[in-house]
Amino acid sequence: MSRSFRTTLLSVTLVAGLAACGSVKDDDSASSTDAAKAGDSAAFPVTISHKFGDTKISSAPKRVVVIGNGGTDDVDALYALGITPVAISKDSFAADGVYPWLKDRIDTKKTKLLDTVNGVDFEQVAALQPDLILATSDFTLDKDYKKLAAVAPTIGYKTAWGGQTWQEHVEVVGKAVGKEEQAEQLVKETEADIAAVKADHPKMAGKTYSLSIGNTPAKIYTIASENDFAAKLMSELGLGLTPSVKNIKTVNGSPTGELSFEQLDKLDADLVVIAFTTKDLQKAFESSALVKNMSAVKDGDYLVTDVETISQLRSPSVLGIPWALKNLEPGFAKLDK
């Protein structure tokens, strides 16, 4: 699966035992009811086909619940379209449960944060009285769908979990809430944001990178295929995956490669980007002679970022993409020299 890295990261974090939100922006502060009314009522009824069947939505939804820890595609699309959901799955990495790129949008007085990492509480979902459930990022939807659909019309992923692009997610959500034209415009604007980053750093063209995470001792997980969503996003910026990681051992046939500490030199590239789940793991990595001898490290083209940035790149969503690219800006700037 294109997002199996996310699953690996979540499971490792759970085994390891991994404040208030900012106010919602004025243009997104409408209640779920008011925002839903802004949808085009003429668009309904509408039917959306997905892996689990055809879901009919009779009228503009007023109480939307988002289920899924496999990404924030549905959540991002709703907020970007001006709709406040009544509940969403919380961020399992953040102490406050709020995805960092959504801190100025999510108001927990209006949106309940659901803990769905260890399973969905269907009674809790039913008590929210949703009239639409978006679950395209729920990686346990095979077993969840029937129970969710018994609560409210539920939209699942099209063919396989993690297979839809961020653009497709926006389009599906736009159709579900009667805002297809706005969704199309949103996609165009985000694609323009990506193009602007490329234009701001013309010297990146043709340069190589590696993108990795250290979340377990003596091992590094890294992108090993151009088919990964992160690799596709980086290619839009003119960057190419460093060839030295393309033939390494992968995790269950996914785009995620696995390196032992004896293989760390394979990460060397024009830009090396990595995140660590603990400071001790970072220290162990940077203490390796192979790392110290990397040309990227010697030349200062080495960027440590956070887990959420890596996760967002691997599972890009419409509001998270600009946030993640901004976090990589110091690395892009290094390539301008």
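Since every read-out is calculated from the coordinates, none of them should be taken as a lab result. What you are looking at is a predicted structure, and each value in this text was computed from that prediction instead of being measured. Don't worry about glycine lacking a Cβ; one is built from the backbone with ideal geometry, like all the others, and counts go over all protein chains shown.
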Long-range HN-HN contacts of N69 with modeled amide H, under 5 Å: F139
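Semi-axes of the equivalent ellipsoid of the stretch 273-337: what are they in whole Å, largest first, if each equals the square root of 5 times a C-alpha gyration tensor eigenvalue?
Listed largest to smallest, the semi-axes of the stretch 273-337 are 23, 16, 7 Å.
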Extent along principal axes [Cα atoms of the stretch 233-282; Å; largest to smallest]: 33, 25, 18
Eligible aspartates and glutamates near K146 by straight Cα distance, threshold 16 Å, same-chain separation 8 or greater: D54, D121, E123, D131, D138
Stokes-Einstein diffusion coefficient of the stretch 197-251, Kirkwood radius over Cα pairs, 10 °C, 1.306 mPa s, in µm²/s: 131
From the C-alpha gyration tensor of the stretch 143-219, square roots of 5λ in Å: 33, 24, 8
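Ranked highest first by average number of other Cβ atoms within 10 Å, how do 206-219, 238-251 line up?
Output ranking for 206-219, 238-251: 206-219, 238-251.
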Computed log₁₀ I(q)/I(0) - Debye formula, equal Cα scatterers, no solvent, the stretch 229-337, q 0.15 Å⁻¹: -0.68
Per-selection metrics, the stretch 74-192 (Cα): Rg and Dmax in Å: 14.1, 42
The stretch 138-180-the stretch 230-303 distance, computed between alpha-carbon centres (Å): 33
Per-residue HN-Hα couplings for the stretch 105-121 [Karplus 6.51, -1.76, 1.60; θ = phi - 60°; Hz; x = Gly/Pro]: 10, 7, 10, 5, 7, 10, 10, 7, 9, 9, 8, 10, 4, 9, x, 8, 8
Distant alpha-carbon pairs in the chain (separation over 40 angstrom), percent: 13
